[in-house]
1. Kindly indicate the residue of the range A:231-279 that is assigned to a loop (DSSP other than H, G, I, E, B), over 16 Å from A:HIS303 (Cβ atoms) and among the hydrophobic types (A, V, I, L, M, F, W, C) and also modelled with the highest pLDDT among those meeting that condition.
2. Write out, first by first residue and then by second, each pair whose Cβ atoms fall under 7 Å of each other, whose residues are 6+ apart or on separate chains, and whose first residue, in the range B:51-70, is in contact (Cβ under 8 Å) with a residue 60 or more places away in the chain while the second is of a type in the set (Gly, Ala, Ser).
3. Inside the range A:68-100, can you point out the residues that are within 13 Å of chain B (Cβ to nearest Cβ) and in contact (Cβ under 8 Å) with a residue 24 or more places away in the chain?
4. Kindly establish whether A:ASP63 is away from chain B (no Cβ under 11 Å) and farther than 20 Å from A:GLY127 by Cα.
5. Looking at the range A:48-70, can you tell me whether even one residue there is at pLDDT 90 or above, in a loop (DSSP other than H, G, I, E, B) and over 20 Å from the mean Cα position of the chain (by Cα)?
6. Criterion first (closer than 28 Å to B:ASP23 by Cα and at pLDDT below 95) does B:TYR111 satisfy it?
7. Could you please give the count of residues in the range A:191-223 that are outside any strand (DSSP E or B) and more than 14 Å from A:PRO164 (Cα to Cα)?
8. Go through the range A:337-368 residue by residue and tally those that are part of a loop (DSSP other than H, G, I, E, B), over 30 Å from B:PRO142 (Cβ atoms) and in contact with a strand residue (DSSP E or B) (Cβ under 6 Å, 6 or more places away or on another chain).
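The values are calculated or read from the model by the stated rules, or taken from the named source; none is laboratory data. Keep in mind the model is a prediction, meaning the values are calculated, not measured. We place every Cβ from the backbone using ideal geometry, glycine too, and count neighbours over all the protein chains shown.
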Amino acid sequence: MEIARPPPPPPTAAAVAVAAAMFSVLGNDDLLREILLRLGLPTSLLRAALVCKRWYRHASDPDFLRRFRDRNPPRILGVYLNALGGGCPRFFPIRPLPELAATAHRPGSFFDAVAGSTAFIVDSGGGRLLVTAIYDGHGYYESSHLLCSPLSSAGNAVVVPPPPRRPPVELPGIGPEHLTLCTSLPDGRSWLCVLMGFRDQQTTVWLYELQEMCWVARASAAAQLPESPTFCMAELFDDSKFYSLITGNKILVCDFPSSTISAMELPNGVESDDDYHSIMLSRRDGSGIYLIHVKESLLRVFHNDDAGNWFLIRAVGDNAKFVFLDMFGTIVFLDATSKQAEKVYEVAPDDVVTTVHPLMLIWPPVFPQLKEGYHQQD
Amino acid sequence: MAAPESGDGNNGAARMVTLISSDNTRFEVEAAAASLSQTLQLTILDGGGGGGDGIPLPNVDSATLSKVLEYCIKHAPAAANGGAPNATAVDRAELERFDNEFVNIDQSVLYSLIMAAHNLEIEGLQSLVAKKVADMIKGKSPMEIRRTLGFPDPTPEEQAEMNAHMLEYGWAYE
């Protein structure tokens, strides 16, 4: 009971009736969830969670969040472009929404603090970035690795140890040609690093995960391949697999639970071009991957099954739902669902864009910890 | 809607059923439209609601029921086509225009509709009205949401905690 505050004006009969109707609707758990489910953006859901304790409980329930994500797939906010040479990545918003104006403003100014130095994005995952910054350390160059959250109000950047450069065991013959790739699982919370080494016919792959600010070896896989893979231009994980496009138009599949490596054929009629820019791999919910192939003006999307067969698909699911294309010096965003394209950036003649890293709205939302007794009444 | 009592539509006229609101108003409507309600569908399939009987709906008043039936009559043809996979873009645009107009109503009517759609299990209408409330909430701060929906004002302590969270999670609230 509030005693100190002046009493509100007596409500009209109509207002009382509306309030009663409102409480019967919003007091029904099923109806409340159906409403919250349709809020669209996780930012709106977070705000609604603070209306009262009951709303908070529903909005933060894991089952509800799964349904919310199915209905409202993670949204792209924009894209960072890494440039060749010095400088910092530049951000370009994609299809900005007025409701997200303030949120989408942050990534644009994120690198302003280090303007003048050199930084590039290794990979992006969800709303986070793994960044390598290079600076002049009195005559020689030093680099540091940062895990950045450009969407947070504090503009968070945490220094992380450099990704491992050498295999956990010394293998004679595995020299400087081994290769390190860093990538993130889609939620942006798990960061993984893959180290690949070759010796004679033997290919070995080690998987590391960033845990408590350390790269911890998690698994490895090895195989005798008929030919040594010499390039890997595309790479990704689903839960337990690592895929990499290698020479000879094959995809190397490392399965860590079983410690095996196998080579998968590309779909019929698909070949990578000389600089490996015509094929992209994309994660797919559940299992398997999408393969996106561009040949002249034809863009095709395939997915695979467990038996290694490829299917050309027309309806693209959650994951391969957009692609970035480099068309005649213009970076173009193509929404695979609506088939609408949008110009992102026109590359100037003296400019080179090396890689493109989408930034997504954070998912799942991070709910605040509530104090006991918060909004008990409702 | 004064169709003749023609049995089960044997002569080609659509079969009609009668629904009776909580305040005893009788509504005669095509069975196909009333069958959008999962709750009514079985009764109607069993032959109920015809003749002089009528199906009583003790939870729905006449004002709400007439609004519900307006929705059902408009959506029945598309629903009969199995969700209208072969509907033209014009048909779909017309339904969308109707839906937008349909939920442009007072909050008290909206809440009554939500309860009716829920009790009668009319899937499309449930979705439409839930979406409408969600749209009223979208982009608003927790405090604005409470005001919009007519919640009582929070105590100063509640207000303070709300503000603290909004600072802490600034990215979500600006």
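1. Among residues in the range A:231-279 that are assigned to a loop (DSSP other than H, G, I, E, B), over 16 Å from A:HIS303 (Cβ atoms) and among the hydrophobic types (A, V, I, L, M, F, W, C), the one modelled with the highest pLDDT is A:PHE256.
2. Pairs found: B:LEU57/B:SER21; B:LEU57/B:SER22; B:ASN59/B:SER22; B:VAL60/B:SER21; B:VAL60/B:SER22; B:VAL60/B:ALA116.
3. Taking the range A:68-100 and keeping what is within 13 Å of chain B (Cβ to nearest Cβ), we get A:68, A:71-72, A:77, A:97-100.
Those that are within 13 Å of chain B (Cβ to nearest Cβ) and in contact (Cβ under 8 Å) with a residue 24 or more places away in the chain: A:PHE68, A:ARG71, A:ASN72, A:LEU77, A:LEU97, A:GLU99, A:LEU100.
4. Details: away from chain B (no Cβ under 11 Å): yes; farther than 20 Å from A:GLY127 by Cα: yes.
Judged against the criteria, A:ASP63 is a match.
5. Within the range A:48-70, one or more residues are at pLDDT 90 or above, in a loop (DSSP other than H, G, I, E, B) and over 20 Å from the mean Cα position of the chain (by Cα).
6. yes
7. Filtering the range A:191-223 for residues outside any strand (DSSP E or B) gives A:200-201, A:212-213.
Checking the rest, the ones that are also more than 14 Å from A:PRO164 (Cα to Cα) come to A:200-201, A:212.
Here the count works out to 3.
8. Of the residues in the range A:337-368, the ones part of a loop (DSSP other than H, G, I, E, B) are A:337-339, A:347-352, A:361-368.
In the following step, the residues that additionally are over 30 Å from B:PRO142 (Cβ atoms) were identified as A:337-339, A:347-352.
Filter once more, keeping what is in contact with a strand residue (DSSP E or B) (Cβ under 6 Å, 6 or more places away or on another chain): A:347.
So the count comes out to 1.
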